[in-house]
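Read the structure below first, then the notes.
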Amino acid sequence: MEQPKNQITLRGSLASLPQFSHENHGRRFFRFTLDVPRLSGTVDSLPVIAEEGVLSAAELGDGDMLTVAGQIRSHNVRVDGKRHLLIFVFASAILCEDGEPINDVLLEGPLCREPTYRRTPLGREICDVMLAVPRAFKRADYLPCILWGRMAQEASQCHTRDILRISGRLQSRVYTKVTEYGSEERVAYEISALSAAFPQV
């Protein structure tokens, strides 16, 4: 049996009730935010999109604990003439249930650009990679991943088209962007790797 190439399971609290997002081929989709705490206490606020039928089956209430299963998707949009990559969770199933927080991601795909290796001011090694995770109909989701320590060293030796398999968690990160209109806070989403399988060299 072929292993999944794009899989995510989340359990967290519903930050706000779903709002209408868009309609596609007569199907209505809704967007909401799921708050998933880390062990450190930091909370990842993650965007989820679900079809109306998937939401209806769950009977959501504000503040509910939810388990969401699905895939991480990306979508390119143009804002003010510039391209932005939107990252979100596309839900295939939603359950109202209590329990410990979950944030489990499994991805596999080729690198679509060369890795970026760097060190933090405290000397911690980091490597940023962008995976092109295949989807049906010859499409792909372009997903930013971050690897640490020894994994960062190994990832830095990889090249475009090398295939990586990563397990980790989807994180939200607030940063300040300086624009011509001043500074503004934005949110980035990335997969932080807990383990990775690299191509045999």
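The values are calculated or read from the model by the stated rules, or taken from the named source; none is laboratory data. Since this is a predicted model, take the numbers as computed values, not measurements. Cβ coordinates were reconstructed from backbone atoms using ideal geometry, including for glycine residues, and neighbour counts include every protein chain displayed.
Filter the range 10-28 down to the residues that are touching a Leu at 6+ places or on another chain (Cβ under 9 Å) and assigned to a strand (DSSP E or B), then identify the one that is surrounded by the most Cβ atoms within 10 Å (Cβ to Cβ).
So the first thing to find is which residues in the range 10-28 are touching a Leu at 6+ places or on another chain (Cβ under 9 Å), and the list is 10-15, 17-18.
So of that shortlist, the ones also assigned to a strand (DSSP E or B) come out as 10-14.
Numbers: L10: 25, R11: 20, G12: 23, S13: 17, L14: 22.
Restricting to residues being touching a Leu at 6+ places or on another chain (Cβ under 9 Å) and assigned to a strand (DSSP E or B), the top hit is L10.
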All positions within the range 85-101 that are at pLDDT 90 or above and farther than 17 Å from A58 by Cβ: L86, I87, F88, E100, P101
Checking G99 against (1) farther than 27 Å from Q3 by Cβ; (2) outside any strand (DSSP E or B); (3) not basic (K, R), which test does it fail? (1)
